[in-house]
Amino acid sequence: MAALTSTLRLLLLGALALAAFLRSADGAESPTESQVEAVFVFNFSHFVEWPSQTFASPSEPFTIGIFGTDPFGARLDEAVRGEEINGHPLVVRRFSRLVEVHNCQILFIDRSEAASIGQILAALHGRGTLTVSQAAAAAEHGIMIQFTTENSRIRLRINVESARAAGLTISSKLLRPAEIVAVGGKE
């Protein structure tokens, strides 16, 4: 229980830090759902282990990709500017076509692309890319981490099976507070 509490505290502190940054940047009172999701996407990089062959060189960037409509805007770029993940500089790239998606460690797939999830996952097969979406039933369709909102709070639904198939290991600290699902339904 203590580990669960510390994990949730870490994620909450990250969200609060981003909220404070965003408030100071634009005077907003509280973070929006997409701003909180942006913090989660960034924090996933700390709770997932990628295969050793993920990076061709020590200086290759750690890429967070956004496919479809971008709910985060420039704020995600500002929040990750100057950050590194295990010595790899962090970058954010936006993709409008599936053929553009490559060398991406985390791919956020916007709900605007829900109808294409099967095609996107097929194109990413074997690439070791953590897939994240807020599209309805995304986890049951093979997305690794799905955002849902319950009682005005963001919750995670995780498809561990899909992550393992991509060679990724999701930390138990992230799994404990999440709902674990399988392709086709609940686990």
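At 7 Å along Cα-to-Cβ for each site, give me the label-to-label distance between N103 and A56 in nm.
So the label points at N103 and A56 sit 0.6 nm apart.
For E179 paired with A165, estimate the spin-label separation in nm (one decimal), with each label point 7 Å from Cα along the Cα-to-Cβ line.
The answer from the label model is 2.1 nm.
Give me the tail of P(r) for the stretch 85-182 as a percent: Cα-Cα pairs with distance above 22 Å.
Tail of the P(r) past 22 Å holds 28 percent of the pairs.
Return the long-range amide H neighbours of A182 (sequence gap of 5 or more, or a different chain), with a cut-off of under 5 Å between placed amide H atoms.
Those qualifying (amide H under 5 Å, at least 5 residues apart or on another chain) are E187.
Could you tell me the calculated FRET efficiency between E140 and Q119, based on Cβ-Cβ distance and R0 = 25 angstrom, to the nearest 0.05?
About 0.95, to the nearest 0.05.
No value in this document is a laboratory result; all are computed from the given coordinates. Being a predicted model, the structure only gives us computed values, none of them experimental. For neighbour counting, all protein chains shown are included, and Cβ atoms are generated from backbone atoms with ideal geometry for every residue, glycine included.
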